[in-house]
Number of protein chains: 2
Amino acid sequence: MTSSVSKVAFIGLGAMGAAMTRNLMNAGHSLSVYARRAEVMQPFAGAGARASTSPADAARDADVVFTNVTSTHDVEEVLLGPNGVIHGARPGTIVCDMSTISADATRSIAAKLLAAGIHMLDCPVSGGVKGAEAATLTILVGGKTEQLARVRPLLQKLGSNIFHMGDHGAGQVTKTCNQTVQVINIQGIAEALLFARANGVDCNKVVEALMSGFASSKMLGLMGPKMANRDFAAGIEARLHQKDFGLIVDMADDQGLPMPATRLVHEQLNELMEHGWGKMDTSNLLRVLEEQQKA
Amino acid sequence: MTSSVSKVAFIGLGAMGAAMTRNLMNAGHSLSVYARRAEVMQPFAGAGARASTSPADAARDADVVFTNVTSTHDVEEVLLGPNGVIHGARPGTIVCDMSTISADATRSIAAKLLAAGIHMLDCPVSGGVKGAEAATLTILVGGKTEQLARVRPLLQKLGSNIFHMGDHGAGQVTKTCNQTVQVINIQGIAEALLFARANGVDCNKVVEALMSGFASSKMLGLMGPKMANRDFAAGIEARLHQKDFGLIVDMADDQGLPMPATRLVHEQLNELMEHGWGKMDTSNLLRVLEEQQKA
């Protein structure tokens, strides 16, 4: 990272954002941080970061602004809202949005920022909190090659696999694909293990055997043992997958895309939320099936 | 393998069975073979195997009889039918059924064979024709420990991962789980790549990026590039997956198991068959979506 882009702001200090912020601070970067609740900023301020009063304030002296918040609305608010980054950042600043949001909204936000001379890259990630902590995230980038070249040294502090997927929104489109494949896979694992148990075969053995053949996957290795051992704690908070599937289904509707398994898994995730398991793991898709079996 | 079990019969010389038979012959075993069409046996007879006139004839001097045929009915026919193995095999013979069939039927067949002093192991496999040729199959075994110990040296000539899943039928239950996870995963990959293309992102890049994150799987590595490059040739003949999903849905119905994604993928596979793509690859699930998009 050249000295011209060493000043960094980080907005959104949830589990993922906090881990990324720590990695940037450990790499020696000067950080300003912003979170809605002041107490969330305390540990970072204690370690030398500047606690900001608003996203605009956080962005005031930054070369690169990272955002990692939950919803499309949240991203619009922190970037374009009354106290948003657009009102504090200097022209030439690059915004890296690590959130998982709508690709269409991303393109629209990028255009509005560019009108103020601010560049945007969509940079959603895969790899979870563990990947964020270990700086082994996969980062899916949409936007201009030139801007990615400028922030790549920073992104390399956060993840081990950086993919430039195309222009604005392409990172979000790829993240959508990632969630689609990942959670439909989890649903398949849940159905298989429901079947195994109903037929008296040990679920841990099934996971072990399947991991050696054509059914093997990262999710089978992670979620299979959790389901087999009935460990339903997060892990990956199911509410985030449910939010993502809402986005995907909306886009599929807008574009007239038949995505029947995606729609089905969205329904299963909605049921999961109704049971109150949203802050638990997506392995709870197995418990949704168990409830449907009782009904 | 002790000399007392070195005589082997192989019944069913399709792509998988033929590859396994060659591996057993290459390992120096004395083989008798049986296939419905005599010409299929010619290359094996030319290499020193005994071409048989019926399953009973193939089993006459065998210590271990392998069967690898398509349907539950086929297995019943070659084992219990008028010219079936049960009428030729000596007491103490072990039947290893490598076919993918109903777990319930397997338990019933095993009981009938045992009444004639013949032991059975269900040994369905995962790994495809390539795995059969390279002897790297995963073999999912159901039946008695003692019989598995006797045939294990033979199975090690066919596969690299042998899992004893439980008593009769447990191998088939595990294979069902394998197919459920594998093909639901393929459906998810198809939906994701349909979405990527509709949104202007390069499908090969998406596969590459997803392979580094939580969405990675054996099937994404195999089927993703095939779909991205529109290579729909088998590979894995979709008709076999469609057959397997018929079995799974039947068992789910009998047992009152909610397996909604399994049922949905069964419908997609049925449409694939209606398009006449059954002898092509299961990557054609993408083309089923494309047809649904046109409709």
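Quick notes on this structure:
- In the stretch B:252-264, the residues that are part of a helix (DSSP H, G or I) and open to solvent by 20 Å² or more (accessible area, probe 1.4 Å): B:D253, B:D254, B:Q255, B:P260, B:R263, B:L264
- From the list B:V33, B:V75, B:V69, the lone residue that is of a type in the set (V, I, T), under 19 Å from B:L121 (Cβ atoms) and either at pLDDT below 95 or open to solvent by less than 10 Å² (accessible area, probe 1.4 Å) (or both) is B:V75.
- One residue stands out in the stretch B:267-285 among those that are open to solvent by 30 Å² or more (accessible area, probe 1.4 Å) and either charged (D, E, K, R) or under 18 Å from B:V181 (Cβ atoms) (or both): the one that is farthest from the other protein chains (Cβ to nearest Cβ), namely B:K279.
- A:I118 more than 18 Å from the chain's Cα centre (by Cα) and surrounded by fewer than 24 Cβ atoms within 10 Å (Cβ to Cβ): yes
- Count of the stretch A:215-251 residues which are facing another protein chain (nearest Cβ under 7 Å) and either among the β-branched types (V, I, T) or in a helix (DSSP H, G or I) (or both): 3
- For B:A15, the conditions (1) surrounded by 21 or more Cβ atoms within 10 Å (Cβ to Cβ); (2) under 19 Å from B:S126 (Cα atoms) all hold with the exception of (1).
- Single condition B:L154 does not satisfy, out of (1) part of a helix (DSSP H, G or I); (2) at the interface with chain A (Cβ under 7 Å from one of its Cβ atoms): (2)
- Of all the criteria given as (1) within 25 Å of B:G221 (Cβ to Cβ); (2) surrounded by 21 or more Cβ atoms within 10 Å (Cβ to Cβ); (3) more than 8 Å from chain B (Cβ to nearest Cβ), the one not satisfied by A:Q182 is (3).
- Of the residues making up the stretch A:113-134, those that are touching a strand residue (DSSP E or B) at 6+ places or on another chain (Cβ under 9 Å) and in a helix (DSSP H, G or I) are A:L113, A:L114, A:G128, A:G131, A:A132, A:A134.
- Residues within the stretch A:186-212 that are in a helix (DSSP H, G or I), under 13 Å from B:T176 (Cα atoms), open to solvent by 20 Å² or more (accessible area, probe 1.4 Å) and at the interface with chain B (Cβ under 7 Å from one of its Cβ atoms), tallied: 1
- Hits in the stretch A:157-179 (condition: more than 7 Å from chain B (Cβ to nearest Cβ) and either in a helix (DSSP H, G or I) or among the hydroxyl-bearing types (S, T, Y) (or both)): A:S160, A:G171, A:Q172, A:K175, A:Q179
The values are calculated or read from the model by the stated rules, or taken from the named source; none is laboratory data. Nothing here was measured: the structure is a model prediction, and the numbers come from that model. Here Cβ is always computed from backbone atoms with ideal geometry, including for glycine, and neighbour counts include all displayed protein chains. Surface areas here come from the heavy atoms of the whole protein model, side chains and all, with no ligands, DNA or RNA. Shrake-Rupley method; radii C 1.70, N 1.55, O 1.52, S 1.80 Å.
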